[in-house]
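Some notes on the structure that comes next.
We did not get these values from a lab; they are worked out from the coordinates using the rules stated. Keep in mind it's a predicted model, so treat the numbers as computed, not measured. Counting neighbours? That spans all protein chains shown, and the Cβs are built from the backbone with ideal geometry, glycine included.
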Amino acid sequence: MAGPTAESIAGSLKRYRVMAYIVGVVLIIFVAAIIAKNVFHVIDSDTYLAIAHGWLFMIYLLCALDLSLRMRWSLPRILFVGVAGTIPFLSFVAENRVMSWVHAELGSIDTNSGTRPM
C-alpha cells in the first residue's frame, strides 16, 4: 500500500492550519468572556462560546489526527498537537511547530497545489 501523496498531505496540512487558527482565536475570545463574566460581571453567559469552542475543537482534533496519521508521527507528537487546542495561544505555537516538522520531513511543500516545488 502506497503512502500518502504530497497532495493529500498538503490538503491535510491546510485543513489543520485553518482549524488551528480558528480554534485559537475562539479560545482566546472564550477566555476573555470567562474573565468578563466572572471578574468584571459584564456579561451574563459564555455558554454559546463554550459550545462553539467544543465543536470546533472536535473538528480541530480530527484535522490534527488526519495530518498526524498521514505523517506517521509518534504518540507524544500527536498528543502535543491535540492538546494545543485547549491552551490559549498554544494552538498558534503548535501550528508553527507543525509547519516546521512537515517542511523538515518532506522538504518545501506548496500548500496551494500540494506539490513540491522543482
*Please work out the FRET efficiency for the pair Ser45 and Ala2, using the Cβ-Cβ distance as r and a Förster radius of 35 Å; give the result to the nearest 0.05.*
0.10
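What value, in deg cm²/dmol to 500, does the helix sum -39500 (n - 2.57) over DSSP H runs of n ≥ 4 give at 222 nm once divided by the residues of the chain?
On the way: 4 runs with 84 residues, N = 118.
Helix-only estimate at 222 nm: -24500 deg cm²/dmol.
Give me D for the stretch 6-106 in µm² s⁻¹, whole number, from Stokes-Einstein with Rh from the Kirkwood sum over alpha-carbon pairs, 20 °C and 1.002 mPa s. Walk me through the numbers before you get to the answer.
Values: Rh = 14.1 Å.
Estimated via Stokes-Einstein, D reaches 152 µm²/s.
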*Taking Cα centroids, how far is the stretch 63-80 from the stretch 2-44 in Å?*
17
*asked:* 7 Å from Cα along Cα→Cβ at both Trp101 and Ile87: what's the point-to-point distance in nm?
replied: 1.4
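Once you charge only the Cβ atoms, +1 for Lys and Arg and -1 for Asp and Glu, what is the size of the charge dipole of the chain about its Cα centre, to the nearest 20 debye?
On the way: 9 positive and 7 negative charges, 51 e Å.
Dipole magnitude for the chain comes out near 240 debye.
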